[in-house]
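Read-outs: derived from the displayed coordinates by stated rules, not from any lab. This structure is a prediction, so every number in the text was calculated from the model and none was measured. A quick note on method: Cβ atoms are made from the backbone with ideal geometry, for glycine too, and the neighbour counts reach across all protein chains shown.
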Amino acid sequence: MFGPRTWFGTVVVLSMAMAVTLPARADLMASYGHENAADRLQDDTGNGNTLTNVNAVGFVAAPIDSDFFYFEVGDTVAQFSGSEYLQVPDGVYADGSFTFTGLVNTAQSGAFQTILSSSRFRLQRAAYSSWNDGEPVLNMSVVTGGDNNDWVACDFEVGEWYFVALRYDQSTNELKSFIQGASGVWSPTTNDVTAPTGFNDLTNITLGRNVSSVGGPDNWNGMIDSARFYSTALSNAELKSVFFEFSVPEPSSIGLLAVCLCSLLLRRRR
C-alpha cells in the first residue's frame, strides 16, 4: 500500500490492493488472479477451470511502482523464468469465438517470449534484430495460412505492466491483438489477421510457452496476472471496460481528485 500523499493540506490514501470485482458475465469462462493462498491455480469465476502448473511456475508478491502510473495487479502474480508454464483446461474454450485478456510484465529485453499459445496460434513479445530494427513488437502467428509472424511495433518495455488482449471473431474469421500500457485513455495498439479455415479447432491453450508448431518454445520471462478467457468476441467497448477495471488514473487525474476533495472541505467549513 502506498503511504498517504498530501495535496493542499488534504490527505489522500491510495491502496495497491484494491479488489477487482469480476463482472457477472455468462461468457467469462475463467479468470486467474492467483490471490487464493491455498490454491494459486484456481479459477476465480467458480467454473472449475483450474490451471495446471508445469515445471513449477512461481507466485510472488506484486511489485509496487514508485509512482502512480501502474496497473492494479492484486497482491500476487505468476512469475515465469525458465521452462515453466501454466496449462489452461479445455473448458475455457467452446469451439467458436473467444477473447483472452491479461496483464503482462517482461524481465527480458530480447528474443521471443510467448504470452499465450495453442495448437493453432501464438501471441508473443519479440525483439528480433531483423524486425523493427530490433525494437519490441507484439507478434501474432497462426499455424496455417499466409499470416505467420504478423507483428506490430508498440510500446512494450522491460519492467512495465501492459494490458494485452487477443480476440477471435468466428463470424468474420478475424484474429485481432491489442496492447496498451496504463493510462486514463483507451488507445491500444492493434493488429489483425484473417484466420485460416478451421482455425477454431483449438487445443492445448497455454500461458507462458509456445506450444504451436511455429518456432521454438519461446518461454515468457517475467510476470503474467489476471488472465481471463471469454467464450465470445468482446467488442471494443467491452475490452475498454475490462482495461479500466485494472488501469489506475494518471497522476494528473489523481491530482484533480485531490483538488476536488480540498474544495469540498473548504465548502463544508464555510
For this session: Determine the dipole magnitude for the range 63-154: charges of +1 sit on the beta-carbon of Lys and Arg, -1 on that of Asp and Glu, nothing else is charged, the reference point is the Cα centre, and the result goes in debye to the nearest 20.
Result: 280
Problem set entry | the range 139-217 - charge dipole about Cα centre, Lys and Arg +1 at Cβ, Asp and Glu -1, debye rounded to 20 | 180
Seminar exercise, completed: If every Lys and Arg gets +1 and every Asp and Glu gets -1 at its Cβ, then about the Cα centre the range 135-185 yields a dipole, in debye to the nearest 20, of 180
For this session: Compute log10 of I(q)/I(0) for the range 201-246 with the Debye formula, placing one identical point scatterer on every Cα and leaving out solvent, at q = 0.19, 0.30, 0.31 Å⁻¹, to two decimals.
Result: -0.86, -1.10, -1.12
Exercise. Over the range 144-226, what lengths in whole Å, largest first, do the semi-axes of the equivalent ellipsoid take, defined as the square roots of 5 times the eigenvalues of the alpha-carbon gyration tensor?
Worked result: 23, 18, 12
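Are there any GluC sites (Glu not before Pro) in the range 168-253 that are in a DSSP loop and have at most 16 other Cβ atoms within 10 Å? List them by number.
none
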